[in-house]
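A short reminder: the numbers here are calculations on the coordinates, not readings from a lab. Just so it is clear, the model here is predicted, and its values are computed rather than measured. Please note: Cβ atoms are built from the backbone with ideal geometry, for glycine as well, and neighbour counts cover all protein chains shown.
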């Protein structure tokens, strides 16, 4: 049969998409090539982001992690050397590509363009979402697409190319999905919301004093709900970008109406959009509400959201609304491989979170979500990801199976203040469910591990790992303020400089600056727009800065702020040109001030961390922040590195290992 013409092409693609999704939903594998037999059994990896091995040790000693204890006894429990720096996008890409950051090009959550119009400009460090471009009639010229800055080929793609079958579930910072001829992938952390942001939530209440949507809060927006006499209010929920209009134009983001109907006396309500309705019950997470965005007359986008009502009563209405997310049955941008896999998952298991930053730390920090709502979400989301992972593990054989969870990291960030008596926000009277929230996630990880262990077959290899460790963040250090005070950075407009984004800086007189969670750069002539450091002096200047910063001590404690500082020579590979000139290695309990991380210059060198984001690791010296590794096989290496695991997996599958991989086989 011959297809011709644009409409027929679309119809054929739609047929193939439906056929693929139906096959996947029914338990088959669509367009899967024949995989060669592996050298041994399956290789199964369970990743739990940010698990701190010293807390695990304590829990093992108390008998609280029986499955991990059994796994330790079968093979071993090791500290896993993390990346430099030990932050999730860097470490997980080192895991996937078996290379250091100089090889895979992810150095920080934030990177900078050195050739900005007036000076360096910061932007997201891992990738971006490009919205569609439209013609004058509103038809799509170029569809929306995800872009990754990662270089290198991950080991699951190497295995796939050699005929091995893989299932890759929610591995962090893999977006868009890597093409798979012989397997399946669905992306997790790294998938943006419909607006193209990490996660922009909404807080809605009739108590707010302004009906306009306010965007002056970190990671979210607030709007007043105006109810009529029948208890009805309408909220125009922003969604995907409409590039027909410039930023700042009210039409720059497409909207769809959500109608809220409340029974104040009964203390309940409903949310409705496009004929779909969900119930609103205070103290409970709602079901998913499907959204339809008519972006132009010829282009529409589907989305989903859900709600957590705090109050529906005579005194007022207040509720949290999750960011508008990709609809898994019709994603704004494909985030699975094959494309129809996300639809197949939704057909089998129902609608689910698709945004990668799946726990709303922004809303908890801003007080628009409380600790109990956050922990309920953690329990539900961990359980759903467990359901998906076990379902895929059971459905069809795979030579390589990897599944990951991020709740362990997010709870560490938000609840460390309840476990560290020296933290500025420590509350010794807090309920045990807050003080032991981290242990709750570790126990859940142990349960998941036990269920996977029960499914192991003879010859299978199981690794359970975390990409880095964790610790308390008590004190903020403003590195840019230190650079200013020591003559390396010059401020031309203090008010603008204090707001961040590398504004208000006199670049002609600035030799060094910091932007990103763990990065310091020289203002290098020929590289930066207004660079003033002679390239011949770069190494000397960087070494001078390193020596001086290693001498900095906290006057309140006498403790050195930095344990080590890594010059760019620590990296190697094709992406070395984008490496920071220095990667920070903070001592325990110190991190860069949040405003400094976004390129700001404040007044104080030191300040207490009075943010609920109270645990951290991202710029900690990597030797102080190892991840963990459990194995059901004894390892041939006492100090395994995160770059070793992919090499080991390929060898266990009998696959060829690329010559540019840096890790070792450890089994």
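Some observations on this one:
- Between the range 104-177 and the range 559-626, the alpha-carbon center distance in angstrom: 24
- Here the Debye sum runs over all C-alpha atoms of the range 201-326 as equal scatterers in vacuum, and log10 of I(q)/I(0) at q = 0.16 Å⁻¹ comes out as -0.77.
- Hypothetical label at residue 394: residues of the range 338-357 whose amide nitrogen lies under 11 Å (7 Å Cα-Cβ projection): none
- Global form of the range 474-623, assessed from the alpha-carbon gyration tensor, a/c cut-off 1.5: oblate
- Using just its DSSP H runs of length 4 or more, each adding -39500 (n - 2.57), the chain gives a mean residue ellipticity at 222 nm of -7000 deg cm²/dmol after division by all residues.
- Scattering from the chain was approximated by placing one identical point on each alpha carbon and applying the Debye formula without solvent; log10 I(q)/I(0) at 0.05, 0.08, 0.11 1/Å stands at -0.23, -0.62, -1.22.
- All distinct Cα pairs of the range 287-327 go into the 1/r average, and the inverse of that average, the Kirkwood radius, is 11.9 Å.
- Relative compactness, the range 419-524, computed as alpha-carbon Rg over 2.2 N^0.38 Å: 1.78
- Efficiency of FRET between residue 277 and residue 74 - r from beta-carbon atoms, R0 41 angstrom, step 0.05: 0.25
- Relative to one another, the C-alpha centroids of the range 400-470 and the range 62-76 are positioned 15 Å apart.
- The range 271-403: C-alpha gyration tensor shape, a/c 1.5 cut-off, then a/b vs b/c: oblate
- Inter-part distance where the range 511-532 and the range 313-367 are each reduced to a Cα centre, Å: 37
- Prolate/oblate/rounded label for the range 93-209 (Cα gyration tensor, a/c 1.5): prolate
- Cut-off 14 Å (backbone N to label point 7 Å along Cα→Cβ of residue 227), residues of the range 294-309: 309
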